[in-house]
Amino acid sequence: MLRKTYSILAAALLAAFSLPASAQEGEYSSYSPYSIFAVGNLTQAYSAYNYSMGGVGVASRNHRYLNTVNPAAVAVRDSLALMIDFSVFNTNTIYRQTYDGNTYKSANNNTNIGGFAVSFPIWNKLAMVIGLRPYSSTGYKFSARETDPHVIAGSGNIKYSGKGQGSLYNAFGGLSLAIGKCFSVGAEAEYIFGKIEKKYAQDFLSSGYNEVCDDYTLTLNAFTGKFGAQYEQPIGKDLTLTFGATYQLAARVGGFNDYSHYSAGSVQNIIIDSYADTLRKVSPAIYLAGELGVGIGFDVRGKFKGEFNYLRSDWTHSGMDSAKGFSVSNAPQSFATSVRESYRAGFEYVPNLNDVRYYRKRVAYRAGAYYNKDYYTVAGNTVNSAGITLGATLPVFRWYNGLTVMVDIGQRGPFNGSLVRENYFRVGVGVSLFDIWFQQPRYN
């Protein structure tokens, strides 16, 4: 009987897609039914500065703000400056689904810390950056009841439920070198780490049966590297074109996968099956995909900037389709890894950076747009997201200190069909600190 109920549970893991999404509870750092698969939802941008322009940054060369999307951009700076960037985001999401002729809705709200980075000079043209940023997030909760009359006739009413939470983070440190006035290169070492917990249960509402549970605790880590280059080409007196590229290496996943399959009763829990896998020894190996990014930008007299980025990462060989704890197998609407793509465009306008009379003319105004294809499909459907961003950086005190505010209005999920669609409104606040710390005083 337990083996039979276990197979039924596996077939119901995606019941969230045939029921209204549950509202977020306090322990979740994020919430999305799509985060049930693999390592959850991947982070799109690192800071409020990048996010306010649609998430661009591969070709951004801006000495006023710290840009960590491309390691090569860190060298574009005042050679004596200490730069710090910190961001916080709040997201309000409405979930909508049409199923069997009925429309279901739910909503949630959560606040998360974005990236934190510090950069300082090592030498005249060599700079260093260290920081911490989110890599992915997992958060979901669902429940459903068995509807097959043959199953109910044999086992009684059954309730299926699932719950998952956790995050992965990216600690990084890098060096960037300016070669002449127009070219720079950079490299980062990255350590990705975190914990994801997933639990699935099958509750027989009849008192004659115990509850059957499956628990996964994924304690993950991975080492990888990221490389970048930028080239700036002046065209005439007022226009400058910038070309940028980044490449992040694929990373083999290490850590542990602790699994328990047990029967939970009123008296005691009975362990049916359990194991603790060392993921470095699992075959086939599990990988976080590498990523290639290219971008082109332009700058008109330091007043108007525009940029377009394209990023691509192939997850089809990540091994997560069949890995326990990562995959969602034997489900009526199954997940499968695919190629992740992102198209981003953004603009910035500063009326007069050095205006001493009107404060509003020193504000940096930004707008952007993006379209993403996620790294998985659901029942053969591509999970897309698209949105527009607006933002501004308000100068604070002297130098290039600033407070960035931004909004992101978008939609996620298959844009047709009966799967869950997420409409979200994200607000971000970023602090950019800039100061000259490395001066050697002289006395006469």
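General remarks:
- Once both labels are positioned 7 Å from their Cα atoms along Cα-to-Cβ, the gap between Y349 and H63 label points is 2.5 nm.
- Computed lengthening from N416 to T278, 0.36 nm per intervening residue step minus Cα-Cα distance: 45.7 nm
- Mean sequence separation of contacting Cα pairs (under 8 Å, at least six apart), scaled by the length of the chain, corresponds to a relative contact order of 18 percent.
- Farthest positive-ward along the range 2-436 dipole, Cα basis, beta-carbon charges - from F223, S87, Y275: S87
- The charge dipole of the chain, taken about the Cα centre with unit charges on the Cβ atoms of Lys, Arg (+1) and Asp, Glu (-1), comes to about 1360 debye, rounded to the nearest 20.
- Over 30 Å (Cα to Cα) - which of K125/K237; K105/K226; K237/K373; K226/K281; K159/K281 fall in this group: K105/K226; K237/K373; K159/K281
- Two-decimal ratio, the range 149-251, of alpha-carbon radius of gyration to 2.2 N^0.38 Å: 2.07
- Residue order, fewest to most surrounding Cβ atoms within 10 angstrom, among F326, F256: F256, F326
- Listed residues A229, A250, A276, most fluctuating in the chain (Gaussian network, C-alpha, under 10 Å): A276
- Radius 13 Å from Cβ of R61, net charge of other residues (Lys, Arg +1; Asp, Glu -1): 0
- Histogram of C-alpha separations across the range 2-436, 10 Å bin width, %: 5, 20, 29, 22, 13, 7, 3, 1, 0
- Annotation: extensible slack from D435 through F304 equals 44.7 nm (criterion: 0.36 nm per residue apart, minus Cα-Cα distance).
- Computed label-point distance, nm, for sites N384 and S79 using a 7 Å Cα→Cβ extension: 4.9
Since every read-out is calculated from the coordinates, none of them should be taken as a lab result. It should be emphasised that the depicted structure is a prediction, and the values quoted were computed from it without experimental measurement. Please note: Cβ atoms are built from the backbone with ideal geometry, for glycine as well, and neighbour counts cover all protein chains shown.
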